[in-house]
Amino acid sequence: MIGAGALSHRGWASDSTGGVGRFSIFIEGLTREAARHLERAQSLSSGREAVLEDMNAFAQACAASDWDGYGANPISARTLWYAQKLVKALPTGVSMPTVGAEPDGDLTLEWYHNPNWVLSVSVSPEGTLNYAASLGPDNDSPHGSVPFLGQVPDEILRIIERVDRQ
């Protein structure tokens with residue numbers, strides 16, 4: 001098996017054209033395939049790809065009005081776009097959330113440690129991030145609304161990091 005360090009070495013790049021013949025093409029194909037597997041690996045991506053796949057599944061399942069049988073609003077393409085951008089903006093090393101859908105058409109991202117340590121962020125089609133958290137037995141419960149401007153807002157990132165430390 002080819003390790004991640006080998007793939008980052010310039011001579012092992014999958015677009016290299018240094019070799020000639022069937023063996024070179026074979027090795028290049030193996031290297032390219034190994035790189036694809038490493039990119040998808042849970043340990044290297046911290047589950048980011050799985051969260052994005054879950055998001056797509058929720059958006060598809062909840063794309064029609066009344067998807068819950070109780071009059072729920074559909075998840076819009078714009079809501080999905082903002083939620084995907086938010087997950088992609090999460091720094092490496094931060095835990096990935098679970099995904100849910102809300103009857104108002106928002107997608108929900110949740111970081112859960114236990115009932116006393118949880119953060120829920122709802123992503124709206126306007127790019128507003130509505131968040132609420134329960135942080136420990138002292139009933140510290142920060143909440144608010146902030147616009148998503150391409151980076152994870154500092155207050156939300158600080159809460160994620162607090163939940164991660166538990």
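The values are calculated or read from the model by the stated rules, or taken from the named source; none is laboratory data. Values in this document were obtained by computation on a predicted structure and should not be read as measured data. FYI the Cβ positions are ideal-geometry reconstructions off the backbone, even for glycines, and counts take in every protein chain you see. To get the accessible areas, we keep the full protein, side chains included, count just its heavy atoms, and leave off ligands, DNA and RNA. Shrake-Rupley method; radii C 1.70, N 1.55, O 1.52, S 1.80 Å.
Report the dimensions of segment 26-166 along its three principal axes from the alpha-carbon atoms, largest first, rounded to Å.
Per principal axis, max minus min of the Cα coordinates gives 56, 39, 27 Å.
Order 105-113, 155-163 from most to least packed using the mean count of other Cβ atoms within 10 Å.
Going by the mean number of other Cβ atoms within 10 Å, highest first, we get 105-113, 155-163.
Pop out the carbon and sulfur fraction of the accessible area of segment 86-147 as a percent, whole number, probe 1.4 Å.
In segment 86-147, the share of accessible area belonging to carbon and sulfur is 50 percent.
Find out how many positive minus negative residues lie around residue 95, taking Lys and Arg as positive, Asp and Glu as negative, among other residues whose Cβ is under 10 Å from that of residue 95.
Local net charge: -2.
Tell me the net charge near residue 162. Cut-off is 14 Å between Cβ atoms, residue 162 excluded, with +1 for each Lys or Arg and -1 for each Asp or Glu.
Net charge in that neighbourhood comes out at -4.
If you wrap a convex hull around the Cα atoms of segment 89-139, how much volume per residue is inside, in Å³?
96 Å³
Mean projection of the alpha-carbon convex hull of segment 52-134 over all orientations, in nm²?
Average projection, Cα convex hull of segment 52-134: 5.5 nm².
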